[in-house]
Amino acid sequence: MPDLFEIDFLDVGAKDSGDAICLRYQLGGETYIHVVDGGYQKTGQSVVDHINKYYGNPTFIDNVVCTHNDGDHAGRLQSVLESFDVGALWMLRPWMYAQELLPRFPTYTDVDRLRGRLRSSYSNLAALEDIATKRGIPIYEPFQGALIGAFHVMAPTPPRFKDLVVESNKTPEGAEDGLLAKATSFIADAARQATALVRAAWADEYFPGSDTSAENEMSVVQYAQLNGERIMLTPIPAALA
């Protein structure tokens with residue numbers, strides 16, 4: 001049977017934000033199911049129902065990817081993890097880098113305290129981690145260069161991700177204060193305004209303009225070529241090139 005793919009963008013209950021993508025593709029006679037984000041938790045069952053209805057009531061999902069913490073992306077994935085056997089959960093957990101980030105948080109001197117605060121700040125990711133741990137689902141880091149099934153991760157890089165954790169408005173007590181923080185914010189906004197809307201490449205990264213939060217910029221970007229089509233999956237609904 002020839003290689004093929006199908007990709008479905010699901011209604012996440014929000015007009016201008018959110019994401020829920022289900023894919024099924026075939027390579028070398030093997031079929032794979034790949035889920036990216038899930039929209040809001042309150043409509044969680046719809047992703048599960050869609051997979052069951054259109055993908056033949058599978059019991060196993062090969063890969064689940066949470067691009068970032070926002071509730072309109074991460075919420076419904078809890079239902080997916082609880083409803084299927086899952087081969088791998090891919091997500092970036094800021095608290096895993098607390099040891100490295102500690103020097104950048106002047107008000108924190110204890111790694112465990114910073115780790116706990118970051119975990120509570122990114123509660124949607126923490127909830128997914130709890131479910132995965134309970135169900136024995138392995139969690140992997142989707143940094144640039146990783147391979148998730150047929151998809152290559154193009155962004156973020158580890159340094160970029162860690163910088164964004166520090167810059168995020170979820171950052172506990174802030175890594176910078178006063179005029180320095182304002183100057184840093186002004187420079188970052190000016191730089192984003194000058195950047196192309198969305199562009200990712202193996203050697204460098206570019207992100208949208210000033211309306212994009214640090215959380216969105218942390219997002220996992222994936223690329224694959226399936227059945228002669230190039231597919232880019234971003235936190236904004238994906239496009240075929």
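Within the assembled protein chains, the solvent-accessible surface assigned to Asp110 is about 70 Å², based on a 1.4 Å probe.
Which value, in Å² and to the nearest 10, is the accessible area of Met96 when all protein chains are kept and the probe is 1.4 Å? About 100 Å², ignoring ligands and nucleic acids. Amide H contacts under 5 Å for Tyr40: Arg76, restricted to partners 5 or more places along the chain or on a different chain, H placed in the peptide plane at 1.01 Å from N. Trp90 sits with roughly 30 Å² accessible to a 1.4 Å probe, with DNA, RNA and ligands left out of the calculation. Just so you know, the Rg over Rh for the range 116-167 is 1.02, from Cα atoms, with Rh as the Kirkwood radius. Peptides 58-68, 119-129, ordered by how many other C-beta atoms sit within 10 Å of their residues on average, highest first, read 58-68, 119-129. For Glu100 and His50, the difference between the fully extended length at 0.36 nm per residue and the C-alpha to C-alpha distance is 14.0 nm.
The values are calculated or read from the model by the stated rules, or taken from the named source; none is laboratory data. Since this is a predicted model, take the numbers as computed values, not measurements. All Cβ positions, even for glycine, are placed from backbone atoms using ideal geometry, and neighbour counts span all protein chains on display. All accessible areas refer to the heavy atoms of the entire protein, side chains included, with ligands and DNA or RNA removed. Shrake-Rupley method; radii C 1.70, N 1.55, O 1.52, S 1.80 Å.
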